[in-house]
1. Would a scan of region A:57-67 turn up a residue that is away from every other protein chain (no Cβ under 14 Å), in contact with a helix residue (DSSP H, G or I) (Cβ under 6 Å, 6 or more places away or on another chain) and more than 18 Å from residue A:1 (Cα to Cα)?
2. Would you point out the residue of region A:68-82, among those that are without any contact (Cβ under 8 Å) to a residue 40 or more places away in the chain and assigned to a helix (DSSP H, G or I), that is farthest from the other protein chains (Cβ to nearest Cβ)?
3. Sort out which residues of region A:45-56 are part of a helix (DSSP H, G or I) and either farther than 15 Å from residue A:88 by Cα or facing chain B (nearest Cβ under 8 Å) (or both), and write them in order of number.
4. Does residue B:60 satisfy being free of Cβ contacts under 8 Å to residues at least 24 places away in the same chain and part of a loop (DSSP other than H, G, I, E, B)?
5. Among the residues of region B:77-90, are any within 14 Å of chain A (Cβ to nearest Cβ), within 18 Å of residue B:9 (Cα to Cα) and in a strand (DSSP E or B)?
6. Every residue in region B:143-160 that is touching a residue at least 60 places away in the same chain (Cβ under 8 Å) and either in contact with a helix residue (DSSP H, G or I) (Cβ under 7 Å, 6 or more places away or on another chain) or crowded, with 23+ Cβ neighbours inside 10 Å (or both), please.
7. In region A:86-112, what count of residues is obtained for those that are within 25 Å of residue B:162 (Cα to Cα), touching a helix residue (DSSP H, G or I) at 6+ places or on another chain (Cβ under 9 Å) and assigned to a helix (DSSP H, G or I)?
8. How about region A:1-44: which of its residues are closer than 30 Å to residue B:168 by Cβ, in contact with a strand residue (DSSP E or B) (Cβ under 7 Å, 6 or more places away or on another chain) and either assigned to a helix (DSSP H, G or I) or within 14 Å of another protein chain (Cβ to nearest Cβ) (or both)?
């Protein structure tokens, strides 16, 4: 699934990184400790976090993530948005907490493990 | 030039998580027993006990006013100053960015004490909380006021800039990074990103009297002040951080 599709289905607002709307999502990860996210995310990750610091972009680039979703009404810092535009990694924002949004996306089959 | 035995991260009874025995007077006495030359009082998001601690100082112990500020990313950064006025100016900025009220039964008492071991009052702000300031803003304001910025306990997973932000942001103008445990740092420093050019100090992060001076840093200085320390941290004019 592409970032563009989840943006449409869940009415997420894109605040930066438009170039990356066709990025392919392979699964999801929730985390606000960037050290943990660096260790556990993977190529194509859709990352749910409340951290808006510019380091999130470096982590996303390093791990070749598909997109970042800032949950719970959080917004990225301005320099974070600039980097997202440069790197083409979309930042989407959402008022829902991570648990609820991740649950909804999981039900679509994104990153769903075999039961 | 001589070596100054320095412990630059000591909490007082103002920090909700610190022992109530950490009065300004008791901290000074314990520091002298431990042979320290320089200490910094760094309570969570507040500098209300620094003036009393400086007044309590004796026998040549240099007590520096500081605070340990929690950024909006929930990384702890020390801001250490030359004068009480500088520290209180920083406190004004921090208080404008700090919400909430303390619940002593949950987080602990926040005692404002004088230099005679007496209680002057209680701080009712949520000092254990995070400010709405980013790490860049904290470091910038600290520098503008003439202070030193040191990232707290980067060798720990909680509330450290490496834990919260994964690596040291490239344009962050820290004066040093602090570790709590040199051997743990030795084992992890090769994996840490962005730390290569930063001097490392070792501090106790004391919350109990018995913690004070357990670990420390030797600073080679002409005099125990912030300007000399800044030179030592940048390795200039013969000043240095030693072992």
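1. No, region A:57-67 has no match at all.
2. A:78
3. Hit for region A:45-56 is A:55, nothing else.
4. yes
5. Yes, some residue in region B:77-90 is within 14 Å of chain A (Cβ to nearest Cβ), within 18 Å of residue B:9 (Cα to Cα) and in a strand (DSSP E or B).
6. Correct list: B:145, B:146, B:147, B:148, B:149, B:150, B:151, B:152, B:153, B:160.
7. Residues meeting the conditions: 2.
8. The answer is A:3, A:20, A:29, A:31, A:32, A:37, A:40, A:41.
The values are calculated or read from the model by the stated rules, or taken from the named source; none is laboratory data. If you're wondering where the values come from, they're calculated on a predicted model, not measured in any experiment. Using ideal geometry, Cβ is built from the backbone for each residue, glycine included, and neighbour counts are taken over all protein chains shown.
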